[in-house]
Structures are given as C-alpha cells and as structure tokens.
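Visitor: Just passing along the structure, written as structure tokens.
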Amino acid sequence: MANLIICGLDEAGRGPLAGPVTAGAVILPPGFPFELLNDSKKLSEKKREAAELVIKEKALWGLGVVNHDTIDKINILQASMLAMKNAFDMVMMKLDDWVKANNLDASVYNRQNIECIADGNKIPPVECLCRAEVKGDAKFAQVMAASIIAKVARDRMMVEYDKLYPEYGYAKHKGYPTKAHREICHKIGPSPIQRLSFDY
C-alpha cells in the first residue's frame, strides 16, 4: 500500500535495576525536520530534549509507562510490550483530532492505513499491522522519534525519583546497574522503586 502511515515504537529502560520502563509511539507529519532525529542513545541530553520539544509540537505522539511493580509481576519483556501498546493506544486516541488540527487527509491518516514498526525483535500487541525491526531506532525516523520520547520521559522521572531517594543517585545513573548503584542497594537495601525480580 502506497499510503501506509508509519508509527514508530520504541522503549527505554529495559536494563535498569529500578524505576519504570517507558515507550514512545510517534507518527511524523509531512515536512517534519528529520535532521533533528537519531537513535536517542546517540544524541546528547541537550539534543534529545530539543528534539523532544519539536516532536511534541509537530508530530502525533504517545507515551506508555509501566512501573517497577508490574515489571516484577509480568517480567521486563512483557512490561516493555505493554508500554508500547499503551503508547500506541494513546496515539490512536489523539489521531482524529491531530489530523483535523493539521489539515491532513483523513482518507490517508486513519487507523486502517497505519503500520507500526517496533524496535527490536518482538511485536507488541497493538491493534494494527506491525513488524519488528532490529536496530529500528537507527533506520527509521519514526522509531528514532519514539526512542526520544521514551528516553527523555524516563530520564525526567528518574530525576524526580532522585529527589525522593537522593541516596541512590538516580539522577546520575537513571537506575542502570552501575557499580555505585549496586553498592548502595547492598549497603542500605533496595529503594521503593527497585525492581526486586532483577539480579543485584
């Protein structure tokens, strides 16, 4: 189909020992400044945040968040898939209003014409055509944008958690398994946002 509209999906936070996993879903409009985009891990924090502002202003985006308790209950892979589904569902809720606000052709920009591309090798349970692409965040602008939405949102959350639990250093390592993070958990015990199913 020539008129397929791509919705990129990507997650952030599969590897950390604490905090949520987040996911972004993004549809980019015609004329979007694609030069702002890259895999979120390859952009500086400043460039990620600048790109996020433009994505939120011009594109159709959704954010999914699955907390540490749910990660422990259903495992990180299933939590990542759920976060992507929730992000996509948010996009679908906003689709019609976004199409009207941007004077786009509703015969093209509709649910039937959407194909999701999910970063990785697993397909999340979204209600549309979907394919998984390994290193999709390096190949597809929509997936790059989704990775930026997910990464910036999660980093902000971890900075806020750092204010609640400053001894754990979340603002610095964002919950990833650094030596300092492991050591403080062994010294004083897990924080209230620790993923207790993960190996320390």
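Visitor: Between residues in the stretch 67-89 that are among the polar types (S, T, N, Q) and residues that are in a helix (DSSP H, G or I), which pairs lie under 8 Å by C-beta distance while being six or more apart or on different chains?
Guide: Note: pairs meeting the criteria are 70/79; 70/82.
Visitor: Now a separate question. Suppose we filter 25, 118 for residues that are assigned to a strand (DSSP E or B) and touching a Phe, Trp or Tyr at 6+ places or on another chain (Cβ under 6 Å); which single one remains?
Guide: None of the others qualify; the one that does is 25.
Visitor: Another question, if that's okay. Please state which one of 76, 114 is open to solvent by 30 Å² or more (accessible area, probe 1.4 Å) and either touching a His at 6+ places or on another chain (Cβ under 8 Å) or β-branched (Val, Ile, Thr) (or both).
Guide: Of 76, 114, the one residue that is open to solvent by 30 Å² or more (accessible area, probe 1.4 Å) and either touching a His at 6+ places or on another chain (Cβ under 8 Å) or β-branched (Val, Ile, Thr) (or both) is 76.
Visitor: Also, I was wondering about something else. What is the one condition in (1) part of a strand (DSSP E or B); (2) at pLDDT below 95 that residue 61 does not satisfy?
Guide: Checking residue 61 against (1) part of a strand (DSSP E or B); (2) at pLDDT below 95, the one that fails is (2).
Visitor: Oh, and also: Tally the residues that are open to solvent by 60 Å² or more (accessible area, probe 1.4 Å) and outside any loop (DSSP other than H, G, I, E, B), restricting the search to the stretch 95-106.
Guide: Qualifying residue count for the region: 4.
Visitor: Next up: Count, please, the residues in the stretch 147-200 that happen to be touching a His at 6+ places or on another chain (Cβ under 9 Å) and hydrophobic (A, V, I, L, M, F, W, C).
Guide: Number satisfying all stated conditions: 4.
Visitor: Note down all Cβ pairs under 6 Å where the first residue falls in the stretch 172-200 and is farther than 22 Å from residue 151 by Cα, the second is among the hydrophobic types (A, V, I, L, M, F, W, C), and they're at least six residues apart or on different chains.
Guide: Taking only residues 6 or more apart or on different chains, the pairs are 200/185.
Visitor: If you don't mind, there's one more thing I want to ask. Does residue 119 meet the test of being in contact (Cβ under 8 Å) with a residue 40 or more places away in the chain, surrounded by 23 or more Cβ atoms within 10 Å (Cβ to Cβ) and either more than 19 Å from the chain's Cα centre (by Cα) or within 21 Å of residue 44 (Cβ to Cβ) (or both)?
Guide: Yes, satisfied.
Visitor: Would you pick out the residues in the stretch 144-200 that are farther than 30 Å from residue 6 by Cβ, part of a helix (DSSP H, G or I) and open to solvent by 70 Å² or more (accessible area, probe 1.4 Å)?
Guide: 160, 163, 164, 166, 167, 172, 179, 182, 183, 186, 187, 188
Visitor: Residue pairs, Cβ under 9 Å, 6 or more apart or interchain, first in the stretch 133-158 and more than 10 Å from residue 37 (Cα to Cα), second open to solvent by 10 Å² or more (accessible area, probe 1.4 Å) and β-branched (Val, Ile, Thr). List them.
Guide: These pairs meet every condition: 153/65; 154/65; 157/65.
Visitor: Sticking with this one: Just need a number here: residues in the stretch 1-37 that are in contact (Cβ under 8 Å) with a residue 40 or more places away in the chain, of a type outside the set (D, E, K, R) and crowded, with 19+ Cβ neighbours inside 10 Å.
Guide: So the count comes out to 20.
Visitor: Inside the stretch 46-55, can you point out the residues that are touching a residue at least 12 places away in the same chain (Cβ under 8 Å), open to solvent by 10 Å² or more (accessible area, probe 1.4 Å) and charged (D, E, K, R)?
Guide: Of everything in the stretch 46-55, those that are touching a residue at least 12 places away in the same chain (Cβ under 8 Å), open to solvent by 10 Å² or more (accessible area, probe 1.4 Å) and charged (D, E, K, R) turn out to be 48, 49.
The values are calculated or read from the model by the stated rules, or taken from the named source; none is laboratory data. As the structure is a computational prediction, the values presented were derived from the model and not from experiment. Methodologically, a virtual Cβ is constructed for each residue, glycine included, from the backbone with ideal geometry; neighbour enumeration extends over all protein chains shown. Remember, those area values only see protein heavy atoms, side chains included, never the ligands or the DNA or RNA. Shrake-Rupley method; radii C 1.70, N 1.55, O 1.52, S 1.80 Å.
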